[in-house]
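Taking it in order: structure first as structure tokens, then the write-up.
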Amino acid sequence: MGRHPRIEGKALIYFISSKGRNGQKIFRDDNDKIYFRSLLKKQKIKGKLIFYGYVLLPDLYACILETSKNNLIQSMHRINSD
């Protein structure tokens, strides 16, 4: 059974995470993490997101963020597809 659709709206706080399959690394080195942080910063400005914190490990990332408009799905798509 799949996960229920996420509720979206203004001023909601979310815990978002993504993990590599079978322990596969999603960050090879510090340069990958720096690039990913730049994606978060771009999306923070473009999507008007507020990040409360994030964790970058070799095989996963997790963050707590707040949306200021109904745009979580679009924002996460931009972050995960670049």
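Bear in mind that the values in this text are calculations on the coordinates, not laboratory data. Bear in mind that the values here come from a model prediction, so they are computed numbers and not experimental data. Note that we place each Cβ from the backbone using ideal geometry, even for glycine, and neighbour counts take in every protein chain shown.
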Task: Zero-based 10 Å bins, Cα pair distances in region 37-82, whole percents - done: 26, 62, 11, 0
Open item on the list: Compute, for the chain, the length of the dipole vector about the Cα centre, with Cβ point charges of +1 (Lys, Arg) and -1 (Asp, Glu) only. Units Debye, rounded to 20.
Closed with: 240
- [ ] Just add up the charged neighbours of residue 42: K/R +1, D/E -1, any other residue whose Cβ is under 9 Å from the Cβ of residue 42.
- [x] +3
Open item on the list: How far apart, in nanometres, would the label points at residue 19 and residue 81 be if each is projected 7 angstrom from Cα along the Cα-to-Cβ direction?
Closed with: 2.6
Task: J(HN,Hα) series, region 48-61, from Karplus relation 6.51 cos²θ - 1.76 cosθ + 1.60, nearest Hz, glycine and proline x - done: 6, 9, 10, 9, 8, x, 8, 10, 10, 10, x, 10, 6, 9
Task: Theoretical ellipticity at 222 nm over the chain - DSSP helices of four or more residues, -39500 (n - 2.57) apiece, nearest 500 - done: -10500 deg cm²/dmol
Open item on the list: Quick one: the Cα spread of the chain along its three principal axes, in angstroms, biggest first?
Closed with: 35, 35, 20
Open item on the list: For the pair residue 6/residue 52, report the inter-label distance in nm, with labels modelled 7 Å from Cα in the Cβ direction.
Closed with: 1.5
Task: Under the Karplus curve 6.51 cos²θ - 1.76 cosθ + 1.60, θ = phi - 60°, whole-Hz ³J(HN,Hα) for region 65-76, x wherever Gly or Pro sits - done: 9, 10, 9, 9, 8, 7, 9, 4, 4, 5, 4, 5
Open item on the list: Can you tell me, using C-alpha contacts under 8 Å and at least 6 residues apart, the relative contact order of the chain as a whole percent?
Closed with: 41
